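Reviewing the structure listed below.
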Amino acid sequence: MSPTSNPDRQDAALAESLRDKSAALAAALRRIVAEWRPAVFASSLGAEDMVITDVIVREHLPIEIFSLDTGRLPAETYDLMHEIQQRYGLKLKLYYPRNDLIEAYTRENGINAFYDSIELRKACCHIRKVEPLQRALANRKAWITGMRAQQAATRDGLPLQQYDETNQLEKFNPLSDWTEQEVWAYIRANDVPYNKLHDRFYPSIGCAPCTRAISLGEDVRAGRWWWEDPTGKECGLHVNNPNVMSISR
Ligand code: SF4
């Protein structure tokens with residue numbers, strides 16, 4: 001039996017990497033607070049975002065945590081928002097789409113027009129996500145995301161820190177080098193609340209009509225905008241990764 005096939009050694013190696021990465025994450029967040037205040041954390045309420053939320057709360061860091069309520073989120077995501085409030089006593093800041101833009105879009109194109117073309121899908125993402133994000137990031141020095149490099153072809157080579165040209169502020173991806181296994185090990189070890197859709201084969205969760213469960217062996221992002229080309233399907237929230245081929249999340 002090779003050293004890496006020994007389950008006890010695998011557990012010990014995972015525990016050690018988790019210890020190191022958790023300490024590095026806390027240190028990175030403290031540094032962001034010290035050097036880039038005011039900084040905000042854009043939580044998509046995914047598993048990764050819950051790890052960062054837990055560390056921010058544990059460390060009592062003055063980082064505002066916000067989410068984008070697109071109006072089309074799954075019920076399980078709203079349940080998680082409630083659980084976060086109960087568990088951490090956290091008042092999650094929610095940003096909503098502009099009602100005038102939504103009303104014009106649905107009147108012109110219909111309620112589910114995002115299935116009709118990539119242009120209409122991106123227009124919906126712009127109204128429901130990008131424009132509210134721009135408001136959330138206004139007058140901030142830095143924003144933090146829960147993105148990992150391994151999450152998708154569009155995130156390969158994702159740096160820990162980069163300048164966000166579009167929104168004109170520093171952007172940090174402190175989980176960039178975390179594995180999915182490490183994220184879940186952290187969640188289990190610290191009893192962190194998470195979206196129950198993850199237990200039903202939804203590794204990546206967005207709006208309800210644009211997210212489906214994946215099958216064994218499929219890419220973790222395969223359930224997002226599954227009808228589009230996988231190399232370019234992001235939603236416009238993350239545009240300056242050089243490997244992202246179109247507007248992205
Ligand atoms: S993910 Fe789908 S419903 Fe949500 S903003 Fe984008 S296109 Fe619209």
All but one of (1) within 15 Å of the chain's Cα centre (by Cα); (2) over 24 Å from MET81 (Cα atoms) hold for PHE172, so report the exception by its number. (2)
Restricting to the stretch 38-68, name every residue that is of a type outside the set (S, T, N, Q), crowded, with 19+ Cβ neighbours inside 10 Å and without any contact (Cβ under 8 Å) to a residue 40 or more places away in the chain. VAL55, ILE56, ILE65
Residues of the stretch 160-210 being among the aliphatic types (A, V, I, L, M) and farther than 26 Å from GLY89 by Cβ, in sequence order, are LEU160, LEU169, ALA208
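The rows are residues; the columns are (1) under 23 Å from GLY71 (Cα atoms); (2) exposed (fewer than 15 other Cβ atoms within 10 Å of the Cβ); (3) within 17 Å of the chain's Cα centre (by Cα); (4) not polar (S, T, N, Q).
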| residue | (1), (2), (3), (4) |
| --- | --- |
| ASN139 | no, yes, no, no |
| THR145 | yes, no, yes, no |
| ASP156 | no, yes, yes, yes |
| ALA185 | no, no, no, yes |
Condition check: at pLDDT 95 or above and away from the ligand (no atom under 12 Å from the Cβ). Does LEU216 satisfy that? no
Those residues that are buried (at least 23 other Cβ atoms within 10 Å of the Cβ) and more than 16 Å from the ligand (Cβ to nearest atom), I need them from the stretch 119-137; list them, please. none
Kindly state which strands (runs of 3 or more DSSP E) lie completely within the stretch 1-107 and contain at least 3 residues that are in contact with a Phe, Trp or Tyr (Cβ under 8 Å, 6 or more places away or on another chain) and among the hydrophobic types (A, V, I, L, M, F, W, C). 39-42, 64-68
Is the stretch 166-181 home to any residue that is over 25 Å from ASN112 (Cβ atoms), at pLDDT below 95, buried (at least 21 other Cβ atoms within 10 Å of the Cβ) and among the aliphatic types (A, V, I, L, M)? no
Where residues in the stretch 194-211 are surrounded by 15 or more Cβ atoms within 10 Å (Cβ to Cβ) and part of a loop (DSSP other than H, G, I, E, B), which of them is nearest to the ligand (Cβ to nearest atom)? CYS207
Residue check: is TYR186 in a strand (DSSP E or B) and at pLDDT 95 or above? no
hydroxyl-bearing (Ser, Thr, Tyr), within 16 Å of the ligand (Cβ to nearest atom) and not in a strand (DSSP E or B) - does that describe any residue in the stretch 152-162? yes
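The values are calculated or read from the model by the stated rules, or taken from the named source; none is laboratory data. The shown structure was predicted, so the numbers you read here are calculated from the model rather than taken from an experiment. Neighbour counts are summed over all protein chains in view; Cβ atoms, including those assigned to glycine, are modelled from backbone coordinates with ideal geometry.
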